[in-house]
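For reference, the structure is listed below as structure tokens.
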Protein chains: 2
Amino acid sequence: MSGSPVGKAPYKRIATEEAFATAEMFKLYRNLLERGVDSPAFQSLWGFYLLSKAERPRQIIERLLDLGDRRLSDMDATGIDMQILSLTAPGVQVLGTDAAKALSISANDELAEAIARHPARFAGLAAFAPQDPRHAAKELERGVAKLGLKGGILNSHVNDEYLDDPKFWTIFEAAESLDVPIYLHPSGPSKGLIQPMLEKGLDGAIFGFGVDTALHALRLIVAGVFDRFPRLKLVLGHLGEALPFWLYRLDYMHRATVASNRYESMKPLRKKPSDYMRENVYVTTSGMAWEPAIKFCQDVMGLDRVLYAMDYPYEFVAQEVVTQDNLSISLEERTKFFQTNAEKLFKLT
Amino acid sequence: MSGSPVGKAPYKRIATEEAFATAEMFKLYRNLLERGVDSPAFQSLWGFYLLSKAERPRQIIERLLDLGDRRLSDMDATGIDMQILSLTAPGVQVLGTDAAKALSISANDELAEAIARHPARFAGLAAFAPQDPRHAAKELERGVAKLGLKGGILNSHVNDEYLDDPKFWTIFEAAESLDVPIYLHPSGPSKGLIQPMLEKGLDGAIFGFGVDTALHALRLIVAGVFDRFPRLKLVLGHLGEALPFWLYRLDYMHRATVASNRYESMKPLRKKPSDYMRENVYVTTSGMAWEPAIKFCQDVMGLDRVLYAMDYPYEFVAQEVVTQDNLSISLEERTKFFQTNAEKLFKLT
């Protein structure tokens, strides 16, 4: 990464979907893999990353575990001023309830210590264990109020359950009341989704992650989560998991479906699906360093709704930063994109 | 629809994903529903359309069955010069093999008769029964060579099987050799995908159709169908089921996955996934009458690759035609979009 093509910029580059792991978490993950785990997604993802000898997974594991010099030097080499860190997927969500609660606490403590060592370079999102929604809400509150974290990280489904079930809503209530965002990050697709993807190697970041996460966001919308919590802020990576592309069709089909009473579960909402996408959702560019899609999202979501992310260490390509430095938007707009949108959303200043 | 807002245009408006049904097909569908069918997607979709008393499904059923005056008058009211007709999803693909073969033949004959009555207004795509791939290839050939049809219609999976399985490839071989496109149309998601969508009313056009069809197209790409049949042409509705939005990530993650040998099934391809999307795939605007997404696709796929479609009678909104008449592209480009791209792809002149 020497001779990096990334130059200085007149804005801070804040990367908003940047992953880390703790040694304790990987120990728990290795245990799960050894004794067998009832999650084809976890088996596919972490069976690969933790056991493969190939270059890419080996590098990723090393980088996930570093919250010090190696990470800072990678950030320097790619011109990243600050990372918003979150415990990598599926975080605590694949564990039994007690282990998940314990890991959320210890991971948040480790994260807060790393931030305390490098407060100008790191900020972070709190892990929590939706397996116990009240504990999750309390840990989110502890993370924000006591540890100075800037929101929560939700790695999609929780052992195949999505958070449109009202039993989880105490978590959203806490986030709204703390006025911090929840980052809805991909995870391997739930058991009811994964099989036809897994058969052809399409369950991961190439396709399955986006499907599962978009479905999760959409389930939250149609379940009325944003009617119940109108100030709740949700962040989606990968440019909104393609939901911005579908805004017109979501509105059309939601209206038509509600009008024809096709589903017991699909009730009228106060607003159109696209309204929630534009008023409650923010999207980041993790893994999508591609001008046409970024500008499309800025166009349909609004310039205040699109934030820079690298997706380190899963994506670690200096040229992708250059691509986004060179977006054909004004300097003021690029400053929003790289810096001030993140500062406002995560209350960094 | 009187006082239609659609004016005359200096181009022919050719709508490329327009559905019909035969009375025989609906009789078979009603039988399936009565005796119970092992397809939650079919139960959800046709259980609703055929049994609901609501206005929308009733109107749609009536319009699907009409290949005469009512359809022509609807076309006149929305300024549509020509419809490319295809047997509505899942067509014959939910039936047993013998019934599917018989229905493909009779539906193609009925379609050819309607086209013979109105050759300036209708063209069509041949139904075929992938349940018997050799019969399907022969029926596609009969449809094109004997009946003058312009390609084939494939309604996504066939009782939960996708056509990346080489046992189906004789169908692609026939399409390539006849030099006609296959329209890969959505169907209700396969059993391995549908459950978490169905739970919240998201299995249909609002979300599940796009997931299943995009997955199908992607499975064809990563299985090497376009390496084996480099001149095969595939048409995707709904602006490519969001695959154009993912082009960058598809390439990045396919390369990374192949390089790390993560999946036995994911082999190197001759080209990037985005190359096949741009060289073998065409997309239509069915259900996506929205300028930002249309222009995005024209930008990343090329102006020759994006064709107009209404999705009649599922969508039948004059204003959507006006929206597309008013796309901020040149008249020459709009002529391609509404007329000449379709004339070339389907060899209409």
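The values are calculated or read from the model by the stated rules, or taken from the named source; none is laboratory data. As the structure is a computational prediction, the values presented were derived from the model and not from experiment. Using ideal geometry, Cβ is built from the backbone for each residue, glycine included, and neighbour counts are taken over all protein chains shown. In case anyone asks, the SASA skips ligands and DNA or RNA and just uses the protein heavy atoms, side chains included. Shrake-Rupley method; radii C 1.70, N 1.55, O 1.52, S 1.80 Å.
Observations on the structure shown:
- Percent accessible area from carbon and sulfur atoms, the protein assembly as shown, protein chains only, probe 1.4 Å: 50 percent
- Looking at the stretch A:72-220, the pairs of alpha carbons with a distance over 23 Å make up 38% of the total.
- Proximal charge balance of B:Pro186 [Cβ under 12 Å; K/R count +1, D/E count -1]: -4
- Size of chain B from its Cα atoms: along the principal axes, largest to smallest, the extents are 60, 53, 44 Å.
- Annotation: amide H-H contacts under 5 Å for B:Ile84 (H modelled 1.01 Å from N, sequence separation of 5 or more, or interchain): B:Ala15, B:Thr16, B:Glu17, B:Glu18, B:Ala123.
- Both chains summed, the buried accessible area for A and B stands near 6000 Å², from protein heavy atoms and a 1.4 Å probe.
- Over the stretch A:14-345, accessible surface divided per residue gives 33 Å², non-protein components excluded, 1.4 Å probe.
- Peptide A:203-209 has a mean shielding of 6, counted as Cβ atoms of other protein chains within 10 Å of each residue's Cβ.
- Bridgeable lysines around B:Lys27 (alpha carbons under 19 Å apart, same-chain partners fewer than 8 residues away excluded): B:Lys53, B:Lys101.
- In the stretch A:131-173, comparing the full protein assembly with the chain on its own, no residue loses 30 Å² or more of accessible surface at a 1.4 Å probe.
- Computed from label points 7 Å out along Cα-Cβ, the spacing between A:Lys347 and B:Glu291 is 3.9 nm.
- For A:Ala9, net neighbour charge (Lys/Arg +1, Asp/Glu -1) across residues whose Cβ lies under 12 Å away: +2
- Dipole axis of the protein assembly as shown (+1 Lys, Arg; -1 Asp, Glu on Cβ), positive-most option in A:His216, B:Val306, B:Thr16: B:Val306
- When chain A is treated as a Gaussian network with alpha carbon springs shorter than 10 Å, the biggest mean-square fluctuation among A:Pro133, A:Pro189, A:Pro181 belongs to A:Pro133.
- Placing +1 on the Cβ of every Lys and Arg and -1 on the Cβ of every Asp and Glu, with nothing else charged, gives the stretch B:14-345 a dipole about its Cα centre of roughly 640 debye.
- Choice from A:Ile194, A:Ile105, A:Ile329 with maximal GNM fluctuation in chain A (Cα, 10 Å cutoff): A:Ile329
- In the protein assembly as shown, taking the dipole from charged Cβ atoms about the Cα centre, the farthest positive-side position among B:Met197, A:Met197, B:Gly68 is held by B:Gly68.
- Per-residue ellipticity at 222 nm from helix content only, as computed over chain B with -39500 (n - 2.57) for each DSSP H run of at least four residues, stands at -13500 deg cm²/dmol.
- With both residues required to sit in the protein assembly as shown, DSSP beta bridges show an antiparallel share near 5%.
- Computed from the Kirkwood radius of its Cα pairs, the Stokes-Einstein diffusion coefficient for the stretch B:227-281 at 37 °C and 0.692 mPa s stands at 269 µm²/s.
- When each of B:Lys295/B:Lys347; B:Lys8/B:Lys295; B:Lys8/B:Lys347; A:Lys271/B:Lys295; B:Lys200/B:Lys267 is checked by Cα-Cα distance, pairs over 28 Å: B:Lys200/B:Lys267
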